[in-house]
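This report concerns only the one structure given below.
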Amino acid sequence: MTTELIEHLEHGVLTLTLNRPERLNALTVPMTEALLDALRRAAVDARARAVVLTGAGRAFCAGGDVKAMAEDDAASQTLESRTLQLREHMECSRLLHEMPKPTIAVARGAVAGAGLSLALACDLLLASDTLKLTSAFAKVGLSGDFGSTYFLTHLLGPRARAFALLSPVLKADEALAQGLVTRVVPDAELDVEGRALAQQLADGPSITLGHIKANLNAAEQGATLAQALDHEAIRHIRCGMTEDHQEAARAFVEKRAPKFVNR
């Protein structure tokens, strides 16, 4: 167990808080392993209908702990063992992006390096107006991890090259204009708005939201039109067989809000 990650489940919302505020929540091995374990559990836990990733204090995550990197004895491990460990840790990004439930990054202050990768892996990124977002990898002599090149390329297209190579620091409004964040709110309202957004998703039709996400991921990962239509057909019919769809249809006719039961 580590105190570097705080887990809190309430009303279907699982909040995972990176908890090294004195180091701007820079990632350590124990923190990353705790996050990976929490995400693996969340992916299959029916009680967690939406997942929020956030940071304690004045930052979301400044990336890897560069100070610890400088003190690391690289000779104590082989290239292969280091690569395997990093690849295992990077499953955090895949789980955030692919688990069959909505994931939301709620971020203020520094969002850099692997912290940026984790934030972009989420389905939505709600940002404080204090946000300072950057790749940062090139500035510390690293090529990037936790899916940075994948997410930046999909979000920025050809502009990803300049962003990764030059590593500019974007303020919240600039990141919003580039399409890297979903919405910007005043810092004093970030936590309340984050909870409200997560609760809205947690109260929704969970099975349907998971299938919507799967369709989007398939299209993002290069599905042809025919393949996308195949995915949509089977998932649309599956959702139509749920109690939630039947409840939503009744609520529409009766002109009331639906009450979803996640079945």
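The values are calculated or read from the model by the stated rules, or taken from the named source; none is laboratory data. Given the structure is predicted, the values throughout are model-derived calculations rather than measurements. When we count neighbours, we look across all protein chains shown, and the Cβ atoms used for this are built from the backbone with ideal geometry, even at glycine. Note: areas computed on protein heavy atoms with side chains; ligands, DNA, RNA excluded. Shrake-Rupley method; radii C 1.70, N 1.55, O 1.52, S 1.80 Å.
With 121, 110 as the choices, which residue is modelled with pLDDT of 95 or more, crowded, with 24+ Cβ neighbours inside 10 Å, touching a strand residue (DSSP E or B) at 6+ places or on another chain (Cβ under 7 Å) and of a type in the set (A, V, I, L, M, F, W, C)? None of the other options fit; the residue is 110.
Filtered by the rule that a residue be surrounded by 12 or more Cβ atoms within 10 Å (Cβ to Cβ), not in a helix (DSSP H, G or I) and not polar (S, T, N, Q), segment 172-200 gives 180, 181, 183, 184, 185. Take the conditions modelled with pLDDT under 95, surrounded by fewer than 19 Cβ atoms within 10 Å (Cβ to Cβ) and β-branched (Val, Ile, Thr) and apply them to residue 169. Does it pass? The answer is no for residue 169. For segment 5-20, which positions are outside any loop (DSSP other than H, G, I, E, B), touching a residue at least 24 places away in the same chain (Cβ under 8 Å) and open to solvent by 50 Å² or more (accessible area, probe 1.4 Å)? Listed by number, the residues that qualify are 6, 7, 9. Are any residues in segment 208-263 open to solvent by less than 40 Å² (accessible area, probe 1.4 Å) and charged (D, E, K, R), and if so, which ones? Passing the criteria: 213, 244, 247. Among the criteria (1) closer than 16 Å to residue 27 by Cβ; (2) modelled with pLDDT of 95 or more, the one residue 137 does not fulfil is (2). Pairing residues of segment 27-41 that are within 17 Å of residue 103 (Cβ to Cβ) and of a type in the set (A, V, I, L, M) with residues that are part of a helix (DSSP H, G or I) and open to solvent by less than 70 Å² (accessible area, probe 1.4 Å), at Cβ distances under 7 Å and at least 6 apart in sequence or on separate chains, gives 35/92; 36/89; 36/91; 36/92; 39/92; 39/95; 39/96.
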